[in-house]
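Asks: Let me begin by handing over the structure; questions about it come next.
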Amino acid sequence: RIDPMNPDYLFNLAVSLDQLRQTRLALDYYQRAERMAAANGGGQFDRSTINKRIQELGGDTGRNN
């Protein structure tokens, strides 16, 4: 079974949705991936890159930059 809380799976799904131009769903999954990685550690992706993409898609990373 796929672990729905795994930040890497969430990130990979976000990238796939992003490539299919499903930007709203992609944004949701990028945000979920970032939250899971922050809360539980892990995530084999660059956190600064994912935060930049969240901002590009119109989301808020919840951080004061």
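Asks: Give the residues of region 36-57 that are open to solvent by less than 60 Å² (accessible area, probe 1.4 Å), more than 22 Å from Asp3 (Cα to Cα) and assigned to a helix (DSSP H, G or I), sorted by residue number.
Replies: Hits for region 36-57 are Asn51, Ile54.
Asks: Asp28 fails exactly one of the following numbered conditions: (1) under 11 Å from the mean Cα position of the chain (by Cα); (2) at pLDDT below 95. What is the number of that condition?
Replies: Here Asp28 meets the rest and fails (2).
Asks: Then there's this: Every residue in region 7-35 that is in a helix (DSSP H, G or I) and among the polar types (S, T, N, Q), please. Working first, answer last.
Replies: Initially, region 7-35 is screened for residues in a helix (DSSP H, G or I), giving 7-19, 23-35.
Correct list: Asn12, Ser16, Gln19, Thr23, Gln31.
Asks: Can you tell me which condition Asp60 does not meet? The list is (1) among the charged types (D, E, K, R); (2) open to solvent by 70 Å² or more (accessible area, probe 1.4 Å); (3) in a helix (DSSP H, G or I), and all the others hold.
Replies: (3)
Asks: Same structure, new question: What number of residues in region 1-21 are modelled with pLDDT under 95 and among the hydroxyl-bearing types (Ser, Thr, Tyr)?
Replies: Qualifying residue count for the region: 1.
Asks: Considering only residues that are more than 15 Å from Leu57 (Cα to Cα) and aliphatic (A, V, I, L, M), look in region 10-32 and name the one that is surrounded by the most Cβ atoms within 10 Å (Cβ to Cβ).
Replies: Restricting to residues being more than 15 Å from Leu57 (Cα to Cα) and aliphatic (A, V, I, L, M), the top hit is Leu10.
The values are calculated or read from the model by the stated rules, or taken from the named source; none is laboratory data. The structure presented is a predicted model; accordingly, all values stated were derived computationally and were not measured. So basically every Cβ, Gly included, is an ideal-geometry build from the backbone, and we count neighbours across all protein chains shown. These accessible areas exclude ligands, DNA and RNA; they are computed on the full protein's heavy atoms, side chains included. Shrake-Rupley method; radii C 1.70, N 1.55, O 1.52, S 1.80 Å.
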